[in-house]
Amino acid sequence: MAQKNPKAKKDKTQALLQDDTLQAAASGDPQENAPVTKTGPRDVGRLGKTDLADQLANRCALGKKDARATVDAFVDIVAEALRTGRSVGLPGIGTLSVRATAARTGVRPGTSERIQIPAGKKVAFKAASDLKGALGLSDANADDAGE
């Protein structure tokens, strides 16, 4: 069995860290080629806040600091709107809203004890038909995707 060259893997990781675009490997485990951050390997299947800010900086000719401040402000605005009971419509993406949940009976894991779960609220996302079409989803199975 051939041994893997640790230097080659380190060089590949460094190249991916320098490249702003994350690409999964054409074959094999996508985590194998994932850039490594201070907290561990970056999740290739997820676009995080920092990645979003970096792409915004590249596409809009912004500095990375300005792009991160813009993303932070956007998140704050959306959170404040949801806190005050307003829904947030993002054309072409979908609508975020707060929905009430009914009280219900649940089962405590491990003990199988029946417990009463009080009524509450949750954030719901309804994907826009444009997004559903772009992803090849039908309206029937993509409604309330975040629930």
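The values are calculated or read from the model by the stated rules, or taken from the named source; none is laboratory data. All values derive from a computational prediction rather than experimental measurement. Backbone-built Cβ (ideal geometry, glycine too); neighbour counts: all protein chains shown.
Here are the numbers for the structure shown:
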| quantity | calculated |
| --- | --- |
| Answer from GLY133, GLY110 - the residue that is out of contact with any Asp or Glu (no Cβ under 9 Å at 6 or more places or on another chain) and either surrounded by 10 or more Cβ atoms within 10 Å (Cβ to Cβ) or in a helix (DSSP H, G or I) (or both) | GLY133 |
| Test: residue in the stretch 85-98 that is over 24 Å from ALA134 (Cα atoms) and part of a strand (DSSP E or B) | yes |
| Residue ID - nearest to GLY120 (Cα to Cα), chosen from residues in the stretch 55-104 that are of a type in the set (Ser, Thr, Tyr) and touching a Lys or Arg at 6+ places or on another chain (Cβ under 6 Å) | THR101 |
| Filtered residues of the stretch 73-100 (kept if surrounded by 12 or more Cβ atoms within 10 Å (Cβ to Cβ) and out of contact with any helix residue (DSSP H, G or I) (no Cβ under 8 Å at 6 or more places or on another chain)) | PHE74, VAL78, ALA79, ALA81, LEU82, ARG86, GLY89, LEU90, THR95, ARG99 |
| Failed item, numbered, when ALA119 is tested on (1) of a type in the set (A, V, I, L, M); (2) within 21 Å of the chain's Cα centre (by Cα); (3) modelled with pLDDT of 95 or more | (2) |
| Residue count, the stretch 69-121 (criterion: assigned by TED's automatic domain parsing to the domain that holds ASP51 and farther than 30 Å from LEU56 by Cα) | 0 |
